[in-house]
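Comments concern the structure below.
Bear in mind that the values in this text are calculations on the coordinates, not laboratory data. The model shown is predicted, which means the values in this text are computed figures rather than measured ones. Ideal geometry is used to build each Cβ from the backbone, glycine not excepted, and the neighbour counts take in all protein chains shown.
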Amino acid sequence: MSFIHKSVWIQFFITLFIGYHYIDSFIYLYEANKLTNEGYTELLIFTAFQLVILNIAVHTIVAIFSNKDEIEQQRDERDDLIALKGSNAAYNLLSVWVMIIVVQLWLKSIPGAYYYFEALSAEFNVLNMLLVGFLLAEIIRFSTKLYHYHKGA
């Protein structure tokens with residue numbers, strides 16, 4: 001398994017962990033009636049911090065335990081094709097997700113329409129929906145890449 005393939009596995013598991021932790025923390029804030037703009041901001045900062053630190057730490061550990069030839073191996077056409085397929089799947093999901101958010105914003109303009117979480121401002125509600133969409137798109141991207149690595153092309 002190449003270092004690039006290992007890197008995809010790492011990013012996949014980190015994204016799953018971050019997504020799980022984000023949703024779990026969000027649900028906790030909501031159920032404990034602590035879901036405010038300030039509480040949500042702290043959750044966003046902590047999530048971003050986790051993402052950066054985990055990626056750096058885990059990639060460093062894997063690089064230490066990998067052999068030098070594996071790390072220095074250049075990307076080939078197969079890696080580029082697999083990356084393209086993963087990016088296409090993520091882009092398609094994210095495009096649909098953004099259109100759903102746009103429709104929901106339009107529905108918000110209708111009087112009496114229910115809108116996300118009342119404890120958060122409209123901006124933070126949209127930010128939450130976008131972040132969930134980005135996390136889902138990344139999970140789809142890495143899943144697709146892993147599928148094609150396993151499949152062989």
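Charging the Cβ of each Asp and Glu at -1 and of each Lys and Arg at +1, and nothing else, the dipole of the chain about its Cα centre rounds to 320 debye.
In the chain, a dipole from Cβ-located charges (positive for Lys and Arg, negative for Asp and Glu) runs towards its positive end, and of 60, 49, 97 it is 97 whose Cα lies farthest in that direction.
Going by neighbour counts of Cβ atoms within 10 Å, the residues 27, 10 line up, fewest first, as 27, 10.
Taking Cα centroids, how far is the range 50-86 from the range 1-24 in Å? Cα centroid to Cα centroid, the span is 12 Å. Once Cα Rg over 2.2 N^0.38 Å is calculated for the structure shown, the corresponding label among (1) 1.25; (2) 1.17; (3) 0.97 turns out to be (1). Amide H to amide H, with H built 1.01 Å from N, residue 117 comes under 5 Å of no residue 5 or more places away or on another chain.
For residue 86, the shell of other residues with beta-carbons less than 14 Å away shows a net charge of +3, using +1 for Lys and Arg and -1 for Asp and Glu.
Summing Lys and Arg as +1 and Asp and Glu as -1 over all other residues whose Cβ lies under 12 Å from the Cβ of residue 35 gives a net charge of -3.
The 3J(HN,Hα) values that the Karplus relation (6.51, -1.76, 1.60; θ = phi - 60°) gives for the range 13-30 are, in residue order, 5, 5, 5, 4, 4, 4, x, 4, 5, 4, 5, 4, 5, 5, 5, 4, 4, 5 Hz. Gly and Pro appear as x.
Would you list which lysines come within 28 Å of residue 108, measuring only between C-alpha atoms, while excluding same-chain residues fewer than 8 positions from it? Leaving aside lysines fewer than 8 places away in the same chain, those within reach of residue 108 are 34. The residues neighbouring residue 44, those whose beta-carbon lies less than 13 Å from its own, together hold a net charge of -3 under the Lys/Arg +1, Asp/Glu -1 convention. One chain, two ends: residue 67 and residue 37. Fully extended at 0.36 nm per residue, the span grows by 6.2 nm beyond their Cα-Cα distance.
For the range 88-96, putting each phi into the Karplus relation 6.51 cos²θ - 1.76 cosθ + 1.60 with θ = phi - 60° gives couplings of 4, 5, 5, 4, 4, 4, 5, 4, 5 Hz, in residue order, rounded to whole numbers and with x for Gly and Pro.
Once the dipole of the chain is set up with Lys and Arg at +1 and Asp and Glu at -1 on Cβ about the Cα centre, which of 132, 4, 120 lies farthest towards its positive end? Among 132, 4, 120, the one farthest towards the positive end of the dipole of the chain is 4.
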